[in-house]
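Below is one structure, written out as structure tokens, with a few remarks after it.
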Amino acid sequence: MTKRAILVLADGSVYEGNSFGAETDAFGEVVFSTSMTGYQEMLTDPSFAGQILIPTFPLIGNYGVNPADWESDRLQVKGFVVREECTDPSNYQSEAKIDSYLKQGGIPGIWGLDTRAITRKLRSHGVMMGMITSDKTPGQALEILRMSPIYGTTDLVKEVSTKATYDWDLEDIPETAPRVALLDCGCKFHIMRILRHHGCRVTAFPCTATAKEMLAVNPDGILLSPGPGDPELLDYATETVTGLVDSGKPIMGICLGNQLIAKAFGGHNFKLKFGHRGGNHPVKDLATGRVHITAQNHGYAVNPESIEGSGLEVTHINLNDGTVEGMKHKSLPIFTIQYHSEASPGPLDNTYLFEQFMTMMGRTDAR
Ligand SMILES: NC(=O)CC[C@H](N)C(=O)O
């Protein structure tokens, strides 16, 4: 028999559905993503740490789950809210059902509620904390929510970052290959897969690494990874990024990496009302006028006024709300994007940015 469960939002609204996945409670910031595919990549994307995820696409689990689509070594979301859970998946790669996948990862899900209504609420009210529970009353859930830390007040990057420095798969990559030192603030595997595909040797460093430690591998370039939470909390990573900037090495910053570059140049980030999460965000490249369809997952954005006169300039804007989606430095070899050039999930249209990084490193010879 299906067990009932509820999703309670911090404003007191209650949505009733059925429990699936792990039978446990979860609280987190409730966010929605408009990506139509890629639930497994989203569930394992470290930038969703601390959040309860609602895909607006109503059919979830239809192509099952498989090891090739992991974006990190574990489930990262706190909870999963879907309209309809598929119990009969079909795909040649599928090895398990979404229900057992969530159970194994200890993550509760809830299905059968009106995800469209919740999304409309979050869009008009802004994102808020919420709780999934199958054994508490709405009143008890609200009480727990009131006592729990609010998303954005704790450092999630330290929780998801690698604890030790490691090399990404080096099989058949020669010693002479371009070296990329990657600051792992919650990196998605696909960034490292693409860099490897371009012939790079990638060394991933913990978020607490110093610039000196990273520069000791004598990298050709630096990649600043995405990651969860409020970038304004990350003074230690900003200090590292400042040291990396001072080295003059080519730097590509993705998402949180973009926000950290802004901070390293004295800029600041602010919280968006309901964030950008999905696979079809239109981004305009101000230099070419071209509009790119991009994968996104972020809740904060660079304040463009805060980087005025810093040497950074805005290169890309989001056409939905005009916010900053990319920057470059006027004289140093630094470029950043707020969206996901690696996709996973989402359109692969923007992987050309990795080629731009190879060119910046002067290593288009690699592959
Ligand atoms: N994917 C990311 O890197 C997200 C960056 C940051 N945590 C934000 O939400 O804005």
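Summary of values
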| quantity | calculated |
| --- | --- |
| Of residues in the range 181-194 being under 23 Å from D246 (Cβ atoms) and in contact with a strand residue (DSSP E or B) (Cβ under 7 Å, 6 or more places away or on another chain), the one nearest to the ligand (Cβ to nearest atom) | C187 |
| When residues of the range 21-78 are limited to those that are within 16 Å of the ligand (Cβ to nearest atom) and among the acidic types (D, E), the one surrounded by the fewest Cβ atoms within 10 Å (Cβ to Cβ) | E29 |
| Selection count where residues are touching a Lys or Arg at 6+ places or on another chain (Cβ under 8 Å) and over 21 Å from Y151 (Cβ atoms), scope the range 11-40 | 5 |
| Number of the condition not met by K328 [criteria: (1) touching a Phe, Trp or Tyr at 6+ places or on another chain (Cβ under 9 Å); (2) within 16 Å of the ligand (Cβ to nearest atom)] | (2) |
| Any hit, the range 95-107, residues being under 30 Å from T24 (Cβ atoms) and aromatic (F, W, Y) | yes |
| Residue in the range 192-202 that is more than 23 Å from V31 (Cα to Cα), within 19 Å of the chain's Cα centre (by Cα) and surrounded by fewer than 20 Cβ atoms within 10 Å (Cβ to Cβ) present | yes |
| From the options E355, E305, residue that is surrounded by fewer than 16 Cβ atoms within 10 Å (Cβ to Cβ) and either aromatic (F, W, Y) or free of Cβ contacts under 8 Å to residues at least 60 places away in the same chain (or both) | E305 |
| In the range 251-302, the residues that are over 13 Å from the mean Cα position of the chain (by Cα), crowded, with 16+ Cβ neighbours inside 10 Å, basic (K, R) and within 14 Å of the ligand (Cβ to nearest atom) | K263 |
| Count of the range 216-238 residues which are assigned to a helix (DSSP H, G or I) and surrounded by 22 or more Cβ atoms within 10 Å (Cβ to Cβ) | 2 |
| Test: residue in the range 348-358 that is part of a loop (DSSP other than H, G, I, E, B), over 14 Å from the mean Cα position of the chain (by Cα), within 25 Å of T37 (Cβ to Cβ) and of a type in the set (D, E) | no |
| Test: residue in the range 310-318 that is without any contact (Cβ under 8 Å) to a residue 60 or more places away in the chain, in contact with a strand residue (DSSP E or B) (Cβ under 6 Å, 6 or more places away or on another chain), within 16 Å of M252 (Cα to Cα) and crowded, with 21+ Cβ neighbours inside 10 Å | yes |
| Matching residues in the range 125-172 - criterion: being part of a loop (DSSP other than H, G, I, E, B) and in contact with a helix residue (DSSP H, G or I) (Cβ under 7 Å, 6 or more places away or on another chain) | D155, W168, D169 |
| In the range 93-120, the residues that are among the charged types (D, E, K, R) and assigned to a helix (DSSP H, G or I) | D99, K103, R116, R120 |
| Failed item in (1) touching a residue at least 60 places away in the same chain (Cβ under 8 Å); (2) part of a strand (DSSP E or B); (3) of a type in the set (A, V, I, L, M), with A262 passing the rest | (2) |
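Read-outs: derived from the displayed coordinates by stated rules, not from any lab. Since this is a predicted model, take the numbers as computed values, not measurements. Cβ: placed from backbone, ideal geometry, glycine included. Neighbour counts: every protein chain shown.
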